[in-house]
Ligand SMILES: [Zn+2]
């Protein structure tokens with residue numbers, strides 16, 4: 001699964017790849033390769049879906065977000081986090 005997020009390691013908004021295994025997930029930045037293990041459950045997934053919806057709405061005012069399509073894509077945005 002892919003989602004968009006600001007990477008705390010490289011500081012760019014990039015595509016993250018999430019792989020889940022039971023109640024843990026690994027989030028990996030497709031730009032710098034930094035990864036992190038996080039808890040995983042329905043709530044985390046629901047929050048992620050909400051954020052993705054919000055980011056899709058933000059695309060109308062923040063055109064850079066539209067550039068994030070493929071793994072490895074990265075942009076700097078005027079806002080730091082969602
Ligand atoms: Zn990164």
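Every read-out reported here was derived from the displayed coordinates using simple, explicitly stated rules and does not represent laboratory data. Given the structure is predicted, the values throughout are model-derived calculations rather than measurements. Don't worry about glycine lacking a Cβ; one is built from the backbone with ideal geometry, like all the others, and counts go over all protein chains shown.
Could you list all residues from segment 17-34 that are surrounded by 14 or more Cβ atoms within 10 Å (Cβ to Cβ) and farther than 13 Å from residue 75 by Cα?
Passing the criteria: 17, 18, 20, 25, 26, 27, 28, 34.
Among the residues of segment 12-52, how many are outside any strand (DSSP E or B) and either within 16 Å of the ligand (Cβ to nearest atom) or on the phi < 0 side of the Ramachandran plot (or both)?
Qualifying residue count for the region: 20.
Can you tell which of 9, 65, 77, 55 is in contact with a helix residue (DSSP H, G or I) (Cβ under 7 Å, 6 or more places away or on another chain) and assigned to a loop (DSSP other than H, G, I, E, B)?
Criteria check complete, one pass: 77.
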